[in-house]
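Beneath this line is the structure, given in structure tokens, with notes to follow.
The values are calculated or read from the model by the stated rules, or taken from the named source; none is laboratory data. What you are looking at is a predicted structure, and each value in this text was computed from that prediction instead of being measured. Ideal geometry is used to build each Cβ from the backbone, glycine not excepted, and the neighbour counts take in all protein chains shown. SASA here: full protein model, heavy atoms, side chains in, ligands and nucleic acids out. Shrake-Rupley method; radii C 1.70, N 1.55, O 1.52, S 1.80 Å.
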Amino acid sequence: MRTHRTPRRAATLALGTALLALLTAAPAAADDDRGLPTVTPTSETPALHDDEAGGNSDADDPAIWRNAADPDRSLVIATAKEGGLRVYDLDARLVQSLPAPRPPAEDDAPGRFNNVDLVTGLRTPTGRADVAVVSDRGNDRLRIYRIDPAKPGAPLTDITDPAAAPVFSADQAEINDQRTAYGLATWQDKATGRTYALVSRRERTRVALVELTPAANGTVGYRKVRTLDLPSSFRLPNGTTWSPCAEPGELPQVEGMVVDPATGTLYAGQEDVGIWRMRADLTTPPVLVDKVREYGVPGVYDEATEECAAGADPGYGGEHLSADVEGLTLFQESDGDGYLLASSQGDDTFALYDREVSEDNEYEGGFRVGAASATLDGSEECDGAAVLNAPLGSRYPNGLLVVQDGHETPEVPDGEGGTRTATGFKFVDLGDVVDAADM
């Protein structure tokens, strides 16, 4: 069992085009000792540093926005936790930086942007709009940003309703405990035309369905429709009950989530448990698609070390995911086929599952994102990923995969004999992934 996480590890990658085998590497890449192919990034964003000098910025989750009128000017929108929101062009250069909200009072928690997803063509009283929806963990709220391609230097504008209420908390004291809005995925219901966000709660198993509510003044608010609680303990084949080891009071939380728009199916990654499947409207019982290897392993939390000491593995876990499971993303093909990708954070790999529920989301393979050079490293401890299987101009005609790198190298000295905590995002040509998959 993996020891208790302080910064929670996460690994996730997104693939682009028909990924089914993923058993053969591209000519320039080598298979690892498990036979998984390796792909390499083409570029990376400037490093973010989680210290005072770096504005307490920590890369977490990306989303890819396609500029339909000019695909070369498409954007990557990414969260930096207390550092707010970053917008990059297709060369991974910074276009815009938006700060997270300041704390309401000196002793209150500051804004902290955790996850981001996009809505294309949100219906508003003034017409359709593309928006980015962000979970603000620090304030337990959602923030909504309009994307305007006519403003190339500052394409995002905050249009959040100032009266937007906390998603889970009753008051500021509860917000400060930080059991707040965490993971996030957007969903547009084809039957009703309504737009929603699925939001998970930090250190709890709860997932909320939240409807976005555009107002006549151009702002966007939201209202909570219903919630669903995933299990926190599990009956094992030997008749015992198991719960993942964690700090006292913590329950096994969900972060990575994605909705398949064709079927309205939500996939949710419960970090220390596995991947769940359910209706996006949260009206059906969840089904466990796959389990992490550590599933069922007993552990004892040590207050002194803030880590879990693992017991003997009873062998009830899965074969493809090492906790945490993070950064779920969906690769969509034009014929309706495709793949669910999940970050296997514990071993720095990415798992690939059949998108079709009728195939019971069968496991189809995996891969790594490795270093392209001494200065362009791969993806380790990955928290979030996004894939877009669509032409993005001359830079990425075969689509793009963006993955978070939780351990950016080369390391930078902190001036005190150590190194600064550095994170960032890697851009991977989707065509390279297709070649590695021998499609």
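Is it true that residue 319 is more than 20 Å from the chain's Cα centre (by Cα), surrounded by fewer than 17 Cβ atoms within 10 Å (Cβ to Cβ) and closer than 25 Å to residue 233 by Cβ?
Working: more than 20 Å from the chain's Cα centre (by Cα): yes; surrounded by fewer than 17 Cβ atoms within 10 Å (Cβ to Cβ): yes; closer than 25 Å to residue 233 by Cβ: yes.
Yes: the conditions hold for residue 319.
What's the total number of residues in the stretch 261-301 that are touching a residue at least 12 places away in the same chain (Cβ under 8 Å), surrounded by fewer than 17 Cβ atoms within 10 Å (Cβ to Cβ) and in a strand (DSSP E or B)?
Residues in the stretch 261-301 being touching a residue at least 12 places away in the same chain (Cβ under 8 Å), surrounded by fewer than 17 Cβ atoms within 10 Å (Cβ to Cβ) and in a strand (DSSP E or B): 4 in total.
Kindly establish whether residue 202 is among the charged types (D, E, K, R), under 17 Å from the mean Cα position of the chain (by Cα) and open to solvent by 10 Å² or more (accessible area, probe 1.4 Å).
Numbers: among the charged types (D, E, K, R): yes; under 17 Å from the mean Cα position of the chain (by Cα): yes; open to solvent by 10 Å² or more (accessible area, probe 1.4 Å): yes.
Judged against the criteria, residue 202 is a match.
What's the total number of residues in the stretch 205-227 that are under 23 Å from residue 146 (Cα atoms) and open to solvent by 60 Å² or more (accessible area, probe 1.4 Å)?
Total meeting the criteria: 4.
Let me confirm something: among 19, 90, which residue is assigned to a loop (DSSP other than H, G, I, E, B), farther than 19 Å from residue 135 by Cα and modelled with pLDDT under 95? Steps first, please.
Working: 90 fails: modelled with pLDDT under 95.
19 is the lone residue from the list that is assigned to a loop (DSSP other than H, G, I, E, B), farther than 19 Å from residue 135 by Cα and modelled with pLDDT under 95.
Within the stretch 239-252, does at least one residue satisfy the condition of being modelled with pLDDT of 95 or more, surrounded by fewer than 24 Cβ atoms within 10 Å (Cβ to Cβ), over 25 Å from residue 313 (Cα atoms) and among the β-branched types (Val, Ile, Thr)?
Within the stretch 239-252 (the criterion being modelled with pLDDT of 95 or more, surrounded by fewer than 24 Cβ atoms within 10 Å (Cβ to Cβ), over 25 Å from residue 313 (Cα atoms) and among the β-branched types (Val, Ile, Thr)), the answer is no, since none of the residues qualifies.
Look at the stretch 180-201 and say how many of its residues are in a loop (DSSP other than H, G, I, E, B) and either over 11 Å from residue 167 (Cβ atoms) or touching a helix residue (DSSP H, G or I) at 6+ places or on another chain (Cβ under 8 Å) (or both).
Residues of the stretch 180-201 in a loop (DSSP other than H, G, I, E, B): 180, 189-194.
From the residues that got through so far, the ones that are either over 11 Å from residue 167 (Cβ atoms) or touching a helix residue (DSSP H, G or I) at 6+ places or on another chain (Cβ under 8 Å) (or both) too are 189-194.
Matching residues across the stretch 180-201 total 6.
I'm trying to understand the selection: among the residues of the stretch 144-162, which are open to solvent by 40 Å² or more (accessible area, probe 1.4 Å) and in a strand (DSSP E or B)? Full working, then the answer.
Restricting attention to the stretch 144-162, the residues satisfying the condition of being open to solvent by 40 Å² or more (accessible area, probe 1.4 Å) are 146, 148-154, 157-158, 161-162.
Answer for the stretch 144-162, where residues must be open to solvent by 40 Å² or more (accessible area, probe 1.4 Å) and in a strand (DSSP E or B): 146, 157, 158.
May I ask you to verify whether residue 29 is at pLDDT 95 or above and either touching a strand residue (DSSP E or B) at 6+ places or on another chain (Cβ under 6 Å) or farther than 19 Å from residue 131 by Cβ (or both)? Outline the logic, then answer.
Values: at pLDDT 95 or above: no; either touching a strand residue (DSSP E or B) at 6+ places or on another chain (Cβ under 6 Å) or farther than 19 Å from residue 131 by Cβ (or both): yes.
No.
Any idea how many residues of the stretch 163-196 are surrounded by fewer than 23 Cβ atoms within 10 Å (Cβ to Cβ), of a type in the set (Gly, Ala, Ser), touching a residue at least 40 places away in the same chain (Cβ under 8 Å) and under 25 Å from residue 63 (Cβ atoms)?
Within the stretch 163-196, residues that are surrounded by fewer than 23 Cβ atoms within 10 Å (Cβ to Cβ), of a type in the set (Gly, Ala, Ser), touching a residue at least 40 places away in the same chain (Cβ under 8 Å) and under 25 Å from residue 63 (Cβ atoms) number 2.
Could you list, in sequence order, all residues of the stretch 330-346 that are under 21 Å from residue 291 (Cβ atoms) and without any contact (Cβ under 8 Å) to a residue 60 or more places away in the chain?
First, pick out the residues of the stretch 330-346 that are under 21 Å from residue 291 (Cβ atoms): 330, 339-346.
Listed by number, the list is empty, since nothing qualifies.
May I ask you to list pairs of residues, at least six apart or on different chains, whose Cβ atoms are under 7 Å apart, with the first in the stretch 414-439 being closer than 23 Å to residue 386 by Cβ and at pLDDT below 85 and the second being polar (S, T, N, Q) and open to solvent by 70 Å² or more (accessible area, probe 1.4 Å)?
Cβ pairs passing all conditions: 434/398.
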